[in-house]
Each structure stands twice: as C-alpha cells, then as structure tokens.
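S.K.: Just dropping this structure here.
The values are calculated or read from the model by the stated rules, or taken from the named source; none is laboratory data. In this text, all values refer to a predicted model and were calculated from it rather than measured experimentally. Reconstructed Cβ throughout: ideal geometry from the backbone, glycine too, with neighbour counts over all protein chains shown. With ligands, DNA and RNA removed, areas are computed over all heavy atoms of the protein, side chains included. Shrake-Rupley method; radii C 1.70, N 1.55, O 1.52, S 1.80 Å.
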Amino acid sequence: MAAKHLMCRIPSCISSAISTPLTSLKPFYHTQQFVSIIRPVSTACSVGIQESTNRLVVNWKDKLTDEYPLVWLRDNCQCTACFDQSSQSRTINFSHFQVNQKFKHVATTKDAVEVQWEDGHKSAYNLEWLKQRSFNQKEQQCWLDANKAPYSTWGASFFKNIPMLDFNAVIQDDNTLLDWLHTLDVWGVCLFKNVPHSLGQVGILAKRVGFIKKTHYGEEFSVQAKANATNVAYTQGYLQLHTDLPYYEYKPGINLLHCYIQYKGNGGDSLLTDGFKIAEWLRENDPEIYKCLAETRVTWTDIGQENGNKFHKIHHAPVICESSDGTIRRINYSQPQRDSHMAVPIDQVENWYRALKKFYDMALDPEYLVTFKLQPGEMVTFDNLRILHGRTAFGEHLQGERHVQGAYVDWDEARSRIRVLKANKAANNTGRCG
Ligand SMILES: [Zn+2]
C-alpha cells in the first residue's frame with residue numbers, strides 16, 4: 001500500500017459530530033488485506049490414481065491431499081498440441097474429446113506429475129500449477145476472492161473515514177492505482193483531492209484503468225443545470241437517490257464525478273447510501289421484503305434525445321439482483337427511470353410498492369445516508385452497481401453555477417487492471433528479492 005499517498009477527511013457536514021482527531025483516523029480499508037492464493041511451497045511425496053472416482057490423488061509433503069478428476073487433467077494438458085502458450089489458450093479440439101478418460105501410467109519427477117493416457121498421449125503437470133488449481137473448497141474460495149474481492153458494507157458512521165487519495169498519485173503511481181481500484185471493489189466508494197482545475201480529468205483517470213464506457217449521454221458528460229434538460233440530473237432540483245442507467249443491461253460499473261465548479265450558496269450537496277448495506281439488512285431482518293425486491297421484475301426506461309441521437313432504452317430487472325452464489329450483485333433504483341408498464345401479476349403490485357418504499361426509506365435514513373459537499377478540485381468515484389447517489393437542490397432559475405464532469409468505467413476493465421497490477425507487483429517484488 002502506498003501509505004504516503006493516503007489521506008482521510010471528514011466531510012464538513014458531519015465533522016461537528018466527530019471528536020476523534022484527524023491524525024488518529026485510519027482509512028478504514030487498511031484493515032482489508034489482499035488475499036494471497038499462493039499456498040506454502042511443498043512438493044508431492046506420492047501420487048496415485050483412485051480408480052473408483054477416476055481421480056489423480058496427490059499427497060503433499062505438508063500432509064495435505066489433493067484430488068484431480070482425470071477428465072479435467074486431460075482437458076488441461078499443457079503440452080504444445082493441447083495448449084498454446086503465446087495466447088494462453090486451450091487448443092484441444094473438443095469434438096474429439098473423450099469424457100471417460102483412461103490412463104496407462106502415472107509417475108512423478110522432481111517438480112511434475114506425468115500421466116500417460118491409454119490413447120498414447122503424454123501429459124506433464126507442474127506441481128505448483130496443480131496446487132494452485134486445488135479442488136479443495138477453501139482453496140477454491142481463496143482463488144475466487146483473489147479475483148474479485150468480497151465487499152464490505154458501510155453505514156453513515158463509517159463514512160467519517162472515507163477513503164481519500166491524491167489524484168496526482170493515482171495518475172503517476174501504480175500502487176496508488178491499485179489501492180484505489182481495490183478500495184472501490186471492497187467499499188464501493190473513494191474520493192480524490194488535488195484534481196487539476198480543468199475539464200477532461202475523468203477521461204485521464206479512466207485511461208489509467210482502460211477506457212471510458214460510452215453511453216447515450218456521451219463519454220465525458222457535464223452535469224450542469226440547463227434549459228429543456230434531457231435528464232433530471234441536468235436541472236437544479238433535488239436529485240433523489242438512484243443508481244445511474246438501470247435501463248442498460250450492461251450498466252456502467254464505476255462513476256467518476258469531478259467537481260469543476262461548486263455552487264457557492266447552500267445546496268448542491270452529494271448524497272450517498274450503500275445499497276448493498278440496505279439489501280443485506282433486509283435479507284437478514286425482513287426476508288419477505290427482500291424476496292419481493294429480489295424477485296419482482298421491474299422495467300427501467302430512458303427515452304429521449306442527446307446530441308441529435310434519439311434513444312429508447314429498456315431493461316427488465318429486479319431492484320436487488322443476486323449472483324449465482326447468493327451474494328448481492330447489482331442494485332437498480334431510479335424513480336424517474338422506472339417505466340409505468342408493470343409486467344407483474346396484479347396481486348403482487350401493492351406488496352411490491354410496500355417493499356420498494358421500505359427500501360427507499362431505509363436508504364434515506366441518517367443511519368445509512370451520507371451527505372457532503374464536494375469542493376472544486378475533488379472527485380468522487382463509486383460503484384454504480386451498488387451505491388445510490390443523489391444531490392440536494394441548489395440555486396434558482398438557472399442562476400448560480402455548478403459544474404460536475406462525469407464519466408463511467410466498466411468493472412470488467414477495472415478488475416482486469418487490478419489483476420495485472422497485482423501480477424506486476426508480485427513480479428517486481430520477486431525481482432528485488434532475487
Ligand atoms: Zn497434450
């Protein structure tokens with residue numbers, strides 16, 4: 001962790017309630033460590049085939065045992081006929097593949113297991129490679145967690161330690177870039193300070209990850225009050241808590257919002273709530289409401305015209321979307337962009353409204369809602385699949401300037417960057433230690 005670049009700050013709106021001196025506050029994501037998937041180095045003391053299960057059994061010197069199905073071993077043969085090193089891709093023609101694999105002979109060398117198959121093909125599996133692909137459930141979970149960090153939810157009280165990084169550091173230093181993306185993955189929010197006072201900074205940051213996710217509002221978009229606004233965000237009114245673009249099946253994953261000019265009077269404050277926190281609470285404490293929100297299909301819509309391009313987007317999805325492993329994957333919520341069509345059985349309608357009201361009232365509860373005013377030179381970044389955001393009203397009749405520039409980045413690009421940065425870091429560390 002690039003500790004020298006880390007700062008924390010108390011949003012001005014809640015600073016009076018906090019007596020802890022700033023210097024003693026630690027960014028709360030410091031408690032989260034990167035998960036290592038490397039097991040201690042140990043070599044095999046014996047290998048054998050368990051014919052009743054068609055598995056290779058490897059007994060390691062550290063007394064652990066791993067089993068590998070023969071079909072999986074044959075499918076993952078690393079020889080040049082079966083695997084292309086330059087593209088790191090399997091090249092076995094699956095139309096000729098036999099699921100019921102038979103072996104002839106198995107043996108170990110100093111660092112590999114060699115299998116001779118009944119059809120004459122020979123495979124060799126590096127022991128370290130095998131160990132990293134253990135079918136042990138704990139090892140599998142460890143590997144899954146290393147690929148996508150498990151999230152930690154938060155309420156308003158945790159937000160006094162909001163993760164904050166120096167913008168110049170994230171642009172120049174890969175360790176800070178990794179800190180930022182990991183923080184977003186775990187906590188769903190991170191602030192930057194010292195952002196240069198010019199437009200285009202969101203694009204510069206997006207390039208550090210990969211590229212901007214373009215939507216019908218463009219690549220870099222300006223959130224400013226304007227006459228005949230195409231989106232309620234482009235007004236001076238109170239912007240209710242929402243997630244952006246729920247009407248996209250491929251909803252942009254990360255929001256970057258740079259405060260270029262802030263309204264000088266009262267108002268224009270940012271609102272944030274951790275939607276996963278609300279969903280987790282409901283699952284635990286009000287399972288009927290949770291089930292209703294996770295199972296009722298909602299239609300999200302955006303109709304209009306931007307830069308001469310007419311659009312009509314529709315996506316059907318519940319407010320709470322789960323992954324196949326039961327973790328919460330995506331929150332959809334936007335009052336202006338919920339369609340009036342409701343393709344659900346009529347007797348479920350009232351219950352669903354009751355559930356939605358409970359969800360939204362909780363999101364506005366001071367126990368979960370954070371309010372703070374972004375200052376020029378600051379940028380807030382957050383997970384759009386998770387965090388509900390909004391804005392208090394400011395000014396009147398298009399008087400009083402406020403200008404926030406935004407852009408999106410996809411989670412696929414961000415998580416890919418995390419893996420590449422971690423691999424680079426590991427390689428550099430190995431290099432230094434010889
Ligand atoms: Zn092969």
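S.K.: Remind me, relative contact order of the chain in percent, using alpha carbon pairs under 8 angstrom and six or more residues apart?
M.R.: 21 percent
S.K.: OK, next. Can you tell me the Rg and the Dmax, both Å, for the Cα atoms in the chain?
M.R.: Rg and Dmax of the chain, Cα atoms, are 25.9, 83 Å.
S.K.: Using only the alpha-carbon atoms, how far is helix 137-147 inclined from the longest principal axis of the chain? Give it as 0 to 90 degrees, nearest 10.
M.R.: The angle comes out at about 50 degrees.
S.K.: Also, I was wondering about something else. Quick one: order Val99, Val409, Val71 from most to least accessible surface, probe 1.4 Å.
M.R.: The ordering from most to least exposed comes out as Val99, Val71, Val409.
S.K.: Quote the FRET efficiency, to the nearest 0.05, computed for His197 versus Asn266 with a Förster distance R0 of 25 Å and r equal to the Cβ-Cβ distance. Write down the numbers at each step before the final one.
M.R.: Details: r = 23 Å, r/R0 = 0.92.
E between His197 and Asn266, to the nearest 0.05, is 0.65.
S.K.: Per DSSP H run of at least 4 residues, take -39500 (n - 2.57); add these up for the chain, divide by its residues and hand me the 222 nm value, nearest 500 deg cm²/dmol.
M.R.: Result for the chain: -8000 deg cm²/dmol, rounded to the nearest 500.
S.K.: Would you work out what percent of the accessible area of the chain, with all protein chains in place, is carbon or sulfur (probe 1.4 Å)? Mind dumping the intermediate values first?
M.R.: Working: 11080 of 21930 Å².
Carbon-and-sulfur percentage of accessible area, whole number: 51.
S.K.: On a 1.4 Å probe surface of the protein chains, which of Lys63, Lys193, Lys104 comes out largest in accessible area, and what is the full order?
M.R.: Lys63, Lys104, Lys193
S.K.: Hey, another quick one. Given the whole protein assembly as supplied and a 1.4 Å probe, what does the accessible area of Ser89 come to in Å², nearest 10?
M.R.: 40 Å²
S.K.: Residues with amide H under 5 Å of Asp339's amide H, sequence separation 5 or more or different chain, H placed in the peptide plane at 1.01 Å from N; which?
M.R.: Thr299, Trp300, Thr301
S.K.: Helix 275-285 versus the longest principal axis of the chain: what angle, 0 to 90°, nearest 10, using Cα atoms?
M.R.: Orientation of helix 275-285: about 70 degrees from the principal axis.
S.K.: Next question. For segment 44-135, count all C-alpha to C-alpha pairs, find those more than 15 Å apart, and express that count as a whole percent of the total.
M.R.: Summing the P(r) tail past 15 Å for segment 44-135 gives 59 percent.
S.K.: Give a residue-ordered list of calculated ³J(HN,Hα) values for segment 327-336 (Karplus: 6.51 cos²θ - 1.76 cosθ + 1.60, θ = phi - 60°; whole Hz; x for Gly, Pro).
M.R.: Computed from phi, the couplings for segment 327-336 are 6, 7, 10, 7, 10, 10, 7, 6, 4, x Hz.
S.K.: Taking the Cα atoms only, what angle lies between the long axis of helix 174-187 and the longest principal axis of the chain, rounded to 10 degrees?
M.R.: Its long axis makes an angle of about 80 degrees.
S.K.: How far apart, in nanometres, would the label points at Asp145 and Thr91 be if each is projected 7 angstrom from Cα along the Cα-to-Cβ direction?
M.R.: 3.8 nm
S.K.: Might you tell me the accessible area per residue for the chain, computed with a 1.4 Å probe and given in Å²?
M.R.: Per residue, the chain has 51 Å² of solvent-accessible surface.
S.K.: Would you mind checking which residues have amide H under 5 Å from Arg329's amide H? H placed 1.01 Å from N; only 5 or more apart, or other chain.
M.R.: Correct list: Cys321, Glu322, Ser323.
S.K.: Holding the Cα-Cα limit at 19 Å, pick out from Lys61/Lys131; Lys160/Lys193; Lys160/Lys358; Lys291/Lys313; Lys291/Lys358 the pairs that are longer than that.
M.R.: Among Lys61/Lys131; Lys160/Lys193; Lys160/Lys358; Lys291/Lys313; Lys291/Lys358, the Cα-Cα distance tops 19 Å for Lys160/Lys358; Lys291/Lys313.
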